[in-house]
Amino acid sequence: YTPVDMAPDSGEIEIPSNDPDEDPAYLTLAGQHEPIPDIEVTPLEIDFCLVDLGTVDSDVVLVSNVGTGDLTVDLPLLTGSIDFAVSAGQFPCTIAPGTSELLLVDYTPSDLIPDSGEIILDSDDPDLMANALLLLIGRTLNMLARQKEAQGETFRQEGGFRERLTAARLETRDQ
């Protein structure tokens with residue numbers, strides 16, 4: 001039996017025979033599509049790019065049920081950097097077919113080291129061998145800005161390579 005839609009199906013098969021008491025025999029058939037949940041997570045990766053140190057950048061993840069049966073999703077599990085946070089909203093929850101729930105992800109860099117993490121969403125989707133996984137990547141803008149400022153200050157105080165080389169030669173000649 002291979003259902004083509006969600007509606008119940010029924011029918012019967014006529015079985016002709018040479019039995020005078022049961023000619024023909026009938027076999028009654030009934031069937032219905034089994035409701036199956038199907039999780040879809042959009043996006044699967046968030047790159048927060050460059051975020052100022054100590055400020056918050058947020059992004060939204062849509063957790064949808066594109067299946068035909070109710071989808072049960074547990075609390076999101078956040079791994080990796082502590083600079084990421086998840087506002088679980090309605091989780092754990094049951095998501096009806098054709099509907100979605102939102103998951104808010106915050107990134108607040110606390111240092112100049114790039115961060116990464118993962119959000120694991122455990123569900124009862126039978127198609128997934130593993131849990132839905134969302135990758136998080138965060139980088140800090142201040143890291144690059146501070147490096148640029150330090151290089152600029154060094155250049156202002158000491159000059160460029162050619163100027164420092166000339167100064168060293170003159171100093172050596174004066175000795």
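Taking the longest Cα principal axis of the chain as reference, the axis of helix 161-174 is set at about 30 degrees.
With respect to the chain, whose longest principal axis is taken over its alpha-carbon atoms, helix 141-158 is tilted by about 10°. Charges were assigned to the Cβ only: +1 to each Lys and Arg, -1 to each Asp and Glu. The resulting dipole of segment 1-143 about its Cα centre is roughly 860 debye. For the chain, the residue among ILE82, ALA7, SER100 whose Cα projects farthest onto the positive side of the dipole built from Cβ charges is ILE82. Each principal axis of the Cα atoms in the chain has its own extent, and those three values, largest first, are 129, 33, 19 angstrom. Sorting 72-79, 11-18, 88-95 by their mean Cβ neighbour count within 10 Å, with the most densely packed peptide first, gives 72-79, 88-95, 11-18.
Normalised by 2.2 N^0.38 Å, with N the number of residues, the alpha-carbon radius of gyration of segment 18-86 equals 2.38.
Any read-out appearing in this document is the output of simple, stated calculations on the displayed coordinates, not a laboratory observation. Predicted, not measured: the structure shown is a model, and the values here were computed from it. So basically every Cβ, Gly included, is an ideal-geometry build from the backbone, and we count neighbours across all protein chains shown.
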